[in-house]
Amino acid sequence: MGKVVAAHVDDAKVCPFPELASVSPAGSIQTRGFLCTPDRPLWLWMHKSEFGTPFPQGLAHFHPEHEIIFVVEGGMIVGRHIHKPGTALAVDADTVYGFGVDAGGLGFTNFRPCEPHFVMMSRNGPEHAPISEYDHLATSTLISRSANSA
């Protein structure tokens, strides 16, 4: 049997944006992970990110998982486009991309169907092996996995 997993971003823990090389600290993330079964411990990753300070497109990175980004406030700069509220971006796993924040700021919600990872990129290629976003946020902001269980 399949499952339906639901989450509301307002139920998330609020924490500062992760402190990573080449990532702007001028934002915040609300994160919620759902622990469901021993064979698939994280069914749904959802986070809402908010940036009040504009910055140009950058932060080149990729995720080894597919993701959906839904713009809820302001504008997300990707390529030559400014994506406004109501825009959904489907990003294939392993796609290198970056984004910027338009003059009015940016708020978006990101969804992935499993435990998320990221790899920051430089001109020379990947800067590191995939890092678990959940573990990164848990260790840098003291969010406990059991506190986020559904």
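The values are calculated or read from the model by the stated rules, or taken from the named source; none is laboratory data. If you're wondering where the values come from, they're calculated on a predicted model, not measured in any experiment. Quick reminder, even Gly has a Cβ in these numbers, built from the backbone with ideal geometry, and neighbours come from all protein chains shown.
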Identity of the residue in segment 82-114, among the hydrophobic types (A, V, I, L, M, F, W, C) and free of Cβ contacts under 8 Å to residues at least 24 places away in the same chain, that ends up surrounded by the fewest Cβ atoms within 10 Å (Cβ to Cβ)
Ala88
Hits in segment 101-118 (condition: under 14 Å from the mean Cα position of the chain (by Cα) and in a strand (DSSP E or B)):
Leu106, Gly107, Phe108, Thr109, Asn110, Phe111, Arg112, His117, Phe118
For the list (1) at pLDDT 95 or above; (2) under 21 Å from Pro64 (Cβ atoms), I need the number of the one condition that Phe111 fails.
(1)
Look through segment 44-81, keep the residues that are under 14 Å from the mean Cα position of the chain (by Cα) and not in a strand (DSSP E or B), and return whichever of them is surrounded by the most Cβ atoms within 10 Å (Cβ to Cβ).
His63
Could you tell me whether any residue of segment 82-94 is over 13 Å from the mean Cα position of the chain (by Cα), of a type in the set (Val, Ile, Thr) and farther than 23 Å from Glu50 by Cβ?
no
